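Report on one structure; see the data block that follows.
The values are calculated or read from the model by the stated rules, or taken from the named source; none is laboratory data. Keep in mind that this is a model prediction, so the values were computed, not measured. Cβ: placed from backbone, ideal geometry, glycine included. Neighbour counts: every protein chain shown. For the accessible areas, the whole protein counts, side chains as well, though only heavy atoms, and no ligand, DNA or RNA atoms are used. Shrake-Rupley method; radii C 1.70, N 1.55, O 1.52, S 1.80 Å.
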Amino acid sequence: MTNYNSGMYITSSLAMNSLTMKGAIVGIRGNILGAIYRIQDNREIILGRDPYLCDVVLYGERASRKHCSVTYIPEIQMYRVTDYSLNGCFLKDGSRLEKERPYKLLHGTEIILGSEENVIKLG
């Protein structure tokens, strides 16, 4: 398993403007704030609390051991995101992703992982 916790760190303002990047997860809030995790094409990255199950480790009460997965699909220039958590993944508008159903999401989409404590942006 690749250790994605040693991602490249940037300022939070740069993280908010990372729309030109392809295949990346950007930490917007939480212990991964300012980190950029580049995703190899079609490779699933697991986010969650358990370092033995996950590529990117999250902290926080509402982060599940295996919270969600993110895969970049270059052929359609979109991300596939699947929620595996108890506390959910939410889009910025408050809508909740249905558990274990893959969603295709665009670059720039922000996802709240369980609570506002952990937020990522799809690069």
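Brief remarks on what is shown
- Some residue of the stretch 75-84 being on the phi > 0 side of the Ramachandran plot and either of a type outside the set (K, R) or in a strand (DSSP E or B) (or both): yes
- Candidates L97, L105, L58, filtered to the one that is under 13 Å from K121 (Cα atoms) and out of contact with any helix residue (DSSP H, G or I) (no Cβ under 8 Å at 6 or more places or on another chain): L105
- Subset of the stretch 31-48 (residues that are assigned to a loop (DSSP other than H, G, I, E, B) and surrounded by 20 or more Cβ atoms within 10 Å (Cβ to Cβ)): I32, I39
- Verdict on V57 being under 16 Å from G27 (Cβ atoms), aliphatic (A, V, I, L, M) and open to solvent by 10 Å² or more (accessible area, probe 1.4 Å): yes
- The residues on offer are N87, N118, and the sole one that is in contact with a Lys or Arg (Cβ under 9 Å, 6 or more places away or on another chain), open to solvent by less than 80 Å² (accessible area, probe 1.4 Å) and more than 17 Å from G34 (Cα to Cα) is N87.
- Complete set of residues in the stretch 21-57 that are over 10 Å from the mean Cα position of the chain (by Cα), free of Cβ contacts under 8 Å to residues at least 60 places away in the same chain and under 18 Å from N87 (Cβ atoms): R49, D50, L53, C54, V57
- Whichever residue in the stretch 58-69 is in contact (Cβ under 8 Å) with a residue 24 or more places away in the chain and part of a loop (DSSP other than H, G, I, E, B) and, among such residues, is nearest to C89 (Cα to Cα): H67
- Number of residues in the stretch 90-115 that are open to solvent by 40 Å² or more (accessible area, probe 1.4 Å), in a strand (DSSP E or B) and among the charged types (D, E, K, R): the value is 3.
- Residues located in the stretch 60-84, provided they are surrounded by fewer than 20 Cβ atoms within 10 Å (Cβ to Cβ) and not hydroxyl-bearing (S, T, Y): G60, E61, R62, R65, K66, I73, P74, E75, I76, Q77, M78, R80
- If you go through the stretch 79-123 and keep only what is at pLDDT 95 or above, closer than 18 Å to L58 by Cα and of a type in the set (S, T, Y), you end up with T82, Y84, S85.
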